[in-house]
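Chemist: Here you go, one structure.
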Amino acid sequence: MSSEEGSQAGADLAREVLAWLEEHWDPALSVEEWWRLVGRAGWTAPHFSLEEGGRGLPRSADRQVRALFASHGALRPPGGLGLLMAAPTILRHGTPDQIARHVPPILEGGRAWCQLFSEPGAGSDLAGLSTRAVRDGDKWRITGQKVWSSMALEADYGMLLARTDPGVPKHAGISWFAFPLDQPGVTIRPLREMTGEALFNEVFLDGAICNDADLIGGENNGWAVTQTTLFFERTGIGAGGSHAAFPNPGRKGGALGRIAGEAAKDVPPANNKVIAFDDLALLAKRMGRNGDPQIRQKLARLWSCIQIGSWNARRSRAEAKAGGGAAVASIGKISQTRIMKLSAEVALDILGPAGMVTADLGIDHGRFVDAFVFAPASSIYGGTDEIQRNIAAERTLGLPREPSPDKGASFSASPRREQPTRSARG
Ligand SMILES: Cc1cc2nc3c(=O)[nH]c(=O)nc-3n(C[C@H](O)[C@H](O)[C@H](O)COP(=O)(O)OP(=O)(O)OC[C@H]3O[C@@H](n4cnc5c(N)ncnc54)[C@H](O)[C@@H]3O)c2cc1C
């Protein structure tokens, strides 16, 4: 598409969204009622096809639609991990029945999801996970422990990986479940991070139950399904997305019963974990540091990284359309990590001693300091920088694969680092 055609398409979309909002936005509706309207009209995921519940628009339409909702004063469409990862995974690997039961509640904001992948002994080596799922008639009984599970306390469902066959090589005996969290066999405990927040949790599963009807992509095929989830996580992060949604979807998020017009006023203008370049340039002016050559040089470097990152995101979308793109998604993830860290570092350089003051006493309610203490996490979530470099090295540069001593051996016969088993109670 030429840039002229692109701006014409953008203007057409803006007209369509604003006309729809004129007709439908009613600040007196509840958030639940509003999100249902938005989801059914295809605005939550306009880049999904019509059959998938979207409007068949390009990926970039999503960001534009959200910005148009906000500028109109309307509550933006629901977001969160369900939209980022669970919906696209289920759309690609689920049966029609599974899609019909799980995707609309995500698009309508009625159900929140978390990702139950990492374990105390399985993070980078995710395929080494030891949570077990054992078949019991038309159900599965699941026992094990997950950790670093973002937003698990607020979630209704988890994207759960569990071992369904320990007698085969580790990648071959895993299944992906759409797992309901509200049940007696599940204990969730928050973990406090250095930001002071408790974004993530540990989740203990003790004979918890999942229906066979919620096994997505077939028994022992979970590794293939997982690649889809990770692809959408990494491309979402690489495109500047985040784990946050404002307000949280789902019953436990507390937003559904609120008045949509009130909730719309709460929505922060930008995700406070990611600092926009323009905000930094403005901050430099406000603090009288825009003439400082070192600050200018760092800002120029950051701007270059952002441009390269956006070109990479375009390349990633094009490769994904052509059926590939995993390595480019990894490069995009590394690029976004670098942008997050560099922008937080420049912010603190600009602030100088004022960067030591946090929360309400700090400049802009301490948002730059919050971003700075969160930034190191970006090297870890969605797969660490080292793992992304390994993927790019092997799949893009064609370097030799990492040695894998347990290749071909069944999971139960492989030597594993034993994890201390911690009980849910202490
Ligand atoms: C803010 C945040 C949110 C998160 N949210 C979630 C979530 O919602 N759900 C979820 O399931 N997980 C989540 N995670 C967990 C995250 O995916 C894992 O922490 C990550 O995959 C790394 O695993 P690990 O912590 O076990 O580290 P390890 O795998 O133990 O790695 C330790 C170090 O060794 C390095 N390393 C390991 N293997 C290799 C290798 N082969 N080559 C080179 N270096 C290597 C790693 O890069 C790292 O520096 C989150 C993490 C963070 C920080």
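Chemist: Can you run down the residue pairs with Cβ atoms below 9 Å, 6 or more apart or on separate chains, where the first is in region 12-37 and farther than 15 Å from GLY73 by Cβ and the partner is open to solvent by 50 Å² or more (accessible area, probe 1.4 Å) and in a helix (DSSP H, G or I)?
Modeler: LEU13/GLN64; ALA14/GLN64; LEU37/HIS24
Chemist: Within region 102-138, work out how many residues are of a type in the set (D, E, K, R) and within 16 Å of the ligand (Cβ to nearest atom).
Modeler: 2
Chemist: Does region 42-62 contain any residue that is within 16 Å of the ligand (Cβ to nearest atom), in a helix (DSSP H, G or I) and either within 30 Å of GLU23 (Cα to Cα) or touching a His at 6+ places or on another chain (Cβ under 8 Å) (or both)?
Modeler: No, there is no match, as no residue in region 42-62 is within 16 Å of the ligand (Cβ to nearest atom), in a helix (DSSP H, G or I) and either within 30 Å of GLU23 (Cα to Cα) or touching a His at 6+ places or on another chain (Cβ under 8 Å) (or both).
Chemist: ALA327: part of a loop (DSSP other than H, G, I, E, B), of a type in the set (Gly, Ala, Ser) and farther than 21 Å from HIS47 by Cβ, yes or no?
Modeler: For ALA327, the condition - part of a loop (DSSP other than H, G, I, E, B), of a type in the set (Gly, Ala, Ser) and farther than 21 Å from HIS47 by Cβ - is not met.
Chemist: Look through region 139-155, keep the residues that are within 15 Å of the chain's Cα centre (by Cα) and more than 8 Å from the ligand (Cβ to nearest atom), and return whichever of them is nearest to ILE90 (Cα to Cα).
Modeler: Among those that are within 15 Å of the chain's Cα centre (by Cα) and more than 8 Å from the ligand (Cβ to nearest atom), it is ALA155.
Chemist: Could you tell me which numbered condition LEU161 fails, if it satisfies all but one of (1) within 16 Å of the ligand (Cβ to nearest atom); (2) outside any strand (DSSP E or B); (3) over 15 Å from the mean Cα position of the chain (by Cα); (4) not polar (S, T, N, Q)?
Modeler: Of everything listed in (1) within 16 Å of the ligand (Cβ to nearest atom); (2) outside any strand (DSSP E or B); (3) over 15 Å from the mean Cα position of the chain (by Cα); (4) not polar (S, T, N, Q), LEU161 misses just condition (2).
Chemist: Mind counting the residues in region 57-78 that are of a type outside the set (A, V, I, L, M) and surrounded by 24 or more Cβ atoms within 10 Å (Cβ to Cβ)?
Modeler: Going through region 57-78 one residue at a time, the tally reaches 2.
Chemist: List pairs: first residue in region 113-127 and part of a strand (DSSP E or B), second residue near the ligand (Cβ under 6 Å from one of its atoms) anywhere in the structure, Cβ distance under 6 angstrom, at least six positions apart or on different chains.
Modeler: Going by the 6 Å Cβ cut-off, the qualifying pairs are CYS114/SER149; LEU116/SER149.
Chemist: Please find, among ARG422, ARG417, ARG389, the residue that is modelled with pLDDT under 80 and within 14 Å of the ligand (Cβ to nearest atom).
Modeler: Answer to the check: ARG417.
Chemist: Are there any pairs, at least 6 apart or on different chains, whose C-beta atoms fall under 9 Å, with the first in region 135-158 and under 13 Å from ALA86 (Cβ atoms) and the second away from the ligand (no atom under 12 Å from the Cβ) and aromatic (Phe, Trp, Tyr), and if so, which?
Modeler: TYR157/PHE179; GLY158/PHE177; GLY158/PHE179
Chemist: Inside region 166-179, can you point out the residues that are without any contact (Cβ under 8 Å) to a residue 60 or more places away in the chain and either open to solvent by less than 40 Å² (accessible area, probe 1.4 Å) or part of a loop (DSSP other than H, G, I, E, B) (or both)?
Modeler: Passing the criteria: ILE174, SER175, PHE177.
Chemist: Quick check on region 304-325. Is at least one of its residues open to solvent by less than 60 Å² (accessible area, probe 1.4 Å) and within 21 Å of VAL373 (Cβ to Cβ)?
Modeler: yes
The values are calculated or read from the model by the stated rules, or taken from the named source; none is laboratory data. Predicted model, so just to flag it, every value in this text is computed and none were measured. Glycine also receives a Cβ, built like all others from the backbone with ideal geometry; neighbour counts cover every protein chain displayed. With ligands, DNA and RNA removed, areas are computed over all heavy atoms of the protein, side chains included. Shrake-Rupley method; radii C 1.70, N 1.55, O 1.52, S 1.80 Å.
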